[in-house]
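The values are calculated or read from the model by the stated rules, or taken from the named source; none is laboratory data. On a predicted model such as this, the values are computed, not experimentally measured, just so you know. With ideal geometry, Cβ positions are generated from the backbone for all residues, glycine too; neighbour counts draw on all protein chains shown. Quick note on the areas: whole protein, heavy atoms, side chains included, nothing else; ligands and nucleic acids left out. Shrake-Rupley method; radii C 1.70, N 1.55, O 1.52, S 1.80 Å.
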Amino acid sequence: MDSREVVRRTFMGQAAVAAAGLALRRFQGLAQAFPSRPGEEVLTWLDQPAANPVPQVVGDLLRWEELSSFLTPVEQFFTIAHYGQPQVDAQAWRLEVGGLVQRPLALTLDALRARPRQEVPFTLECSGNHGAPFFHGGIGTARWAGTPLAPLLAEAGVLGRGSEVIFWGADAGEETLGDTTVTQHFARSMSVTDASDPNLLLCYEMNGQPLPAKHGAPLRLIAPGWYGVANVKWLTRIEVRDTRLMNKFMARDYVTLREERRDGASEWVETSVGRALLKSAPARVTRTVAPAGAGGEPQYRIIGAAWGAPIARVEVRVDDGPWLPATIDRSDPAEEGEFTWRLWSFDWGTPGPGEHAITSRAVATDGRVQPAPDDPWLTSKRTFWESNGQITRRIAIPAIATQAK
Ligand SMILES: Nc1nc2c(c(=O)[nH]1)N[C@H]1C(S)=C(S)[C@@H](COP(=O)(O)O)O[C@H]1N2
Ligand SMILES: [Mo]
């Protein structure tokens with residue numbers, strides 16, 4: 001039995017071995033695209049997310065140990081569907097653009113595809129990510145393609161009093177407000193100014209494939225820089241209004257409640273989830289495996305991601321040690337962009353055996369620092385949305401690895 005096998009057997013359960021093997025095989029095919037080195041194996045975090053209590057809503061959460069490419073493969077990309085996945089007949093489907101516009105439009109998918117094409121790599125995170133014990137992988141990065149929204153709004157001609165753009169989805173469910181229960185479609189509202197941002201896409205393609213049904217086919221909104229909820233899937237209608245839509249997904253759910261102090265008294269402030277926040281997470285710990293009999297200490301490395309704002313640097317802390325700089329790894333320029341995560345790595349050397357805690361923090365180019373869990377920004381928050389605090393993961397370093405040489 002070589003040292004690698006000893007580590008595996010003493011340290012990992014059967015499922016973890018299988019998962020790590022899979023991750024290893026995957027990275028070997030993508031050595032250039034991901035900061036991994038040949039002969040590395042992935043360790044499994046001791047703290048694993050709880051079982052998903054809402055599989056009908058949340059699916060395919062990213063297993064951080066399996067992060068092995070810059071772009072998240074479509075089959076590893078998480079999904080959220082509050083009202084289930086609607087059946088959309090692509091032949092009969094039209095995108096309507098209406099409301100307070102001069103020229104209402106109805107476009108087929110072919111008509112949308114015939115319009116100018118634009119692509120944007122974008123890391124999409126659910127604002128609930130890390131807000132619940134099961135919810136640790138509601139994030140992924142894809143190269144989204146479609147046609148920009150702004151010229152379409154300009155063609156429709158937003159009337160002077162139009163101030164909000166409502167994006168309606170095909171999916172619907174029952175909602176109760178007061179003593180009335182009704183069936184409502186998923187929808188989100190955005191100001192005309194925000195909706196006219198040239199980066200917003202009416203998206204029909206994801207990582208070079210036709211947009212999959214579970215990610216919103218035939219058409220979804222991609223709003224780079226916004227939390228997931230703004231990226232409305234299964235779009236049917238874009239409607240300009242003179243008031244903000246105050247439905248469940250704008251004003252009741254996806255609302256953050258914070259306590260602010262004003263003149264010595266509490267002011268409880270509710271805000272609607274909108275733009276993404278600065279965040280980072282340790283993704284995986286790898287170790288080099290020396291050839292049998294070669295001796296030498298295994299070298300450990302911590303790899304992670306940082307996103308939500310332009311990233312200046314990332315720092316890593318092991319146990320109660322000092323914050324040390326991580327290296328931001330350069331990725332394919334066609335994949336990395338203003339709205340994507342940065343991948344970083346930290347050479348850990350050969351840590352002492354036993355359990356260790358690993359924390360990362362991102363620093364934005366404007367000087368903002370990802371908040372610690374005891375930061376008032378987070379302790380004053382009473383809802384689980386927008387949980388962008390520093391994340392600590394636990395790992396066990398086996399003693400047996402050094403004995404094996
Ligand atoms: N029509 C519709 N769009 C939706 C949702 C939904 O339930 N219905 N969920 C939103 C939320 S909360 C998130 S986080 C993202 C997730 O996108 P994905 O499923 O492609 O990962 O979709 C958003 N768009
Ligand atoms: Mo979400």
Q.
Cβ-Cβ distance below 8 Å, separation of 6 or more or different chains: which pairs start in the range 74-91 with a residue that is farther than 10 Å from residue 214 by Cβ and end on one that is among the aliphatic types (A, V, I, L, M) and more than 16 Å from ligand 2 (Cβ to nearest atom)?
A. 83/172; 86/170; 86/172; 88/170; 88/213; 88/217; 90/109; 90/217
(Q) Condition check: assigned by TED's automatic domain parsing to the domain that holds residue 198, part of a loop (DSSP other than H, G, I, E, B), within 13 Å of the chain's Cα centre (by Cα) and of a type outside the set (A, V, I, L, M, F, W, C). Does residue 82 satisfy that? (A) no
Q. Of everything in the range 178-220 that's more than 14 Å from ligand 1 (Cβ to nearest atom) and in contact (Cβ under 8 Å) with a residue 60 or more places away in the chain, which residue is surrounded by the fewest Cβ atoms within 10 Å (Cβ to Cβ)?
A. 208
Q) Since residue 96 meets every condition but one in (1) within 16 Å of ligand 1 (Cβ to nearest atom); (2) farther than 29 Å from residue 242 by Cα; (3) among the acidic types (Asp, Glu), which condition does it not meet? A) (2)
Q: Answer yes or no: is there a residue in the range 314-328 that is within 16 Å of ligand 2 (Cβ to nearest atom) and either outside the structural domain of residue 103 (by TED's automatic domain parsing) or within 30 Å of residue 97 (Cβ to Cβ) (or both).
A: no
Q) Would you say residue 269 is modelled with pLDDT of 95 or more and within 16 Å of ligand 2 (Cβ to nearest atom)? A) no
Q | Contacts under 8 angstrom Cβ, first residue in the range 44-64 being within 20 Å of residue 142 (Cβ to Cβ), partner away from ligand 1 (no atom under 16 Å from the Cβ) and in a loop (DSSP other than H, G, I, E, B), 6 or more apart | A | 61/49; 64/45
(Q) Of everything in the range 76-94, what is more than 16 Å from ligand 2 (Cβ to nearest atom) and either over 22 Å from residue 143 (Cβ atoms) or at pLDDT below 95 (or both)? Give them in sequence order. (A) 86, 87, 88, 89, 90, 91, 92, 93, 94
(Q) Please go through (1) within 16 Å of ligand 2 (Cβ to nearest atom); (2) of a type outside the set (A, V, I, L, M, F, W, C); (3) outside any strand (DSSP E or B) for residue 38 and return the number of the only condition it doesn't satisfy. (A) (1)
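On the given criteria, is residue 261 in a strand (DSSP E or B), within 14 Å of ligand 1 (Cβ to nearest atom) and open to solvent by 50 Å² or more (accessible area, probe 1.4 Å)?
No.
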(Q) Yes or no: the range 209-219 includes at least one residue that is of a type in the set (S, T, N, Q) and part of a strand (DSSP E or B). (A) yes
Q: Output the residues belonging to the range 72-93 that are more than 10 Å from ligand 1 (Cβ to nearest atom) and out of contact with any Phe, Trp or Tyr (no Cβ under 7 Å at 6 or more places or on another chain).
A: 73, 75, 76, 87, 89, 90, 91, 92, 93
Q) Of the conditions (1) within 19 Å of residue 335 (Cα to Cα); (2) in contact with a helix residue (DSSP H, G or I) (Cβ under 8 Å, 6 or more places away or on another chain); (3) within 16 Å of ligand 1 (Cβ to nearest atom), residue 69 fails just one. Which one is it? A) (3)
Q: Scan the range 230-253 residue by residue and report those that are among the charged types (D, E, K, R) and open to solvent by 40 Å² or more (accessible area, probe 1.4 Å).
A: 237, 241, 242, 244, 248, 252, 253
Q.
Could you tell me how many of the residues in the range 54-98 are under 22 Å from residue 121 (Cα atoms) and among the aromatic types (Phe, Trp, Tyr)?
A. 4
Q: For the range 221-258, enumerate the residues that are farther than 24 Å from residue 154 by Cα and more than 16 Å from ligand 1 (Cβ to nearest atom).
A: 246, 257, 258
